[in-house]
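Here the structure is laid out as structure tokens; the discussion comes afterwards.
Derivation of every value follows stated rules applied to the coordinates shown; laboratory data play no part. Here the structure is a predicted model, which means the values were calculated and not measured. Cβ: placed from backbone, ideal geometry, glycine included. Neighbour counts: every protein chain shown.
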Amino acid sequence: MSLVGKNRAVFSYKNQKLLNRNFLYKDFEKTKSYRTNFSNSKFGSTSFRAAHFKYCSFLNCSFADCDFIGTNFRGSYFSTTTFENCIFSSVVFDQVKFKNTSFKNCYFFGSSAHIQALLSDMDGNTVLPAPPAQNTVSPALKEIIDSLRTNDIIRRSHTLHGKGESINTSTLLMLHSIYTDEQLITLLPLIHQFITTQFYTISYLKMLLKKAAAVL
């Protein structure tokens, strides 16, 4: 559910028990949750952009295809929890405790030493100090992505576009594990015809590209 034009306090939880929930396609952008128990819940294709989840509990939870961009998990607790195909960029893990938590095919940008140590014995994750530089984007691909700024839904998703005139290179790094530059140049101009709602996650963008590839 999109939070555009809505009161984000409605989607913020304080001192609650939200057990056995399915938070699929949820948009937690800029919400603020505090001391809430989310145990036995599933999060899928969920956006946590600039969200605060302080001193919350996540026991027996699963996170798949979720975007954690500027998320604050200060003081939270994760136990017997899995993360798969997720992206973590500038995430605050201060005083966070992990127990029996696994990460698979996840991307981490600017992660703390604490997280890097946790990932040291886990394969299949990408850990970088920062997203790739802007000059790593080919001129031809940059031109295509810049042209998509005219589409309000794509631009507001922040999946391809950063602040100012910048490109979201962390998204491109993930997409390049599936598509070549040439394929993205062909497919990206087609995705607008498959958009049915405002979106905020890279997983939705991947779905659009898959549909565009199917019609070629």
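Taken one residue at a time, the phi angles of segment 138-154 give Karplus couplings (6.51, -1.76, 1.60, θ = phi - 60°) of 5, x, 5, 5, 4, 4, 5, 5, 4, 5, 6, 5, 6, 8, 4, 5, 5 Hz. Gly and Pro are set to x. Simple point charges give the picture: +1 on the Cβ of Lys and Arg, -1 on the Cβ of Asp and Glu, and for the chain a dipole about the Cα centre of about 1120 debye. At the listed q of 0.16, 0.21, 0.22, 0.33 Å⁻¹, the Debye profile of segment 57-106, built from one uniform point per Cα, gives log10 I(q)/I(0) equal to -0.41, -0.72, -0.80, -1.29. Once Rg and the Kirkwood radius are both taken over the C-alpha atoms of the chain, their ratio Rg/Rh works out to 0.97.
Using the scaling law 2.2 N^0.38 Å as the reference, what is the normalised Cα Rg of segment 10-112?
On the way: Rg = 12.0 Å, N = 103, 2.2 N^0.38 = 12.8 Å.
It is 0.93.
From helices alone, the chain scores -6000 deg cm²/dmol at 222 nm; the rule is -39500 (n - 2.57) for each run of n ≥ 4 DSSP H residues, then divide by the residue total.
In µm²/s, what is D for segment 132-173 at 20 °C and 1.002 mPa s, where D = kT/(6 pi eta Rh) by Stokes-Einstein and Rh is the Kirkwood radius from Cα pairs? Don't skip to the end; give the middle numbers.
On the way: Rh = 10.3 Å.
Reported coefficient: 209 µm²/s.
Using Cα atoms only, what is the angle between the long axis of helix 202-214 and the major principal axis of the chain, expressed in degrees (0 to 90) to the nearest 10? Helix 202-214 and the main axis of the chain meet at about 40 degrees. Sequence-distant contacts, meaning Cα pairs under 8 Å at least 6 residues apart, place the relative contact order of the chain at 12 percent. When each of the peptides 134-146, 37-49 is scored by how many other beta carbons lie within 10 Å of its residues on average, the order from highest to lowest is 37-49, 134-146. Segment 99-216 gives an Rg/Rh value of 1.00, both radii derived from C-alpha positions and Rh following Kirkwood. When the Cα convex hull of segment 163-216 is projected onto planes of every orientation, the mean area is 4.1 nm². Taking 15 Å as the straight-line reach from the Cα of LYS30, the aspartates and glutamates in range (excluding those fewer than 8 positions away in the same chain) are ASP67.
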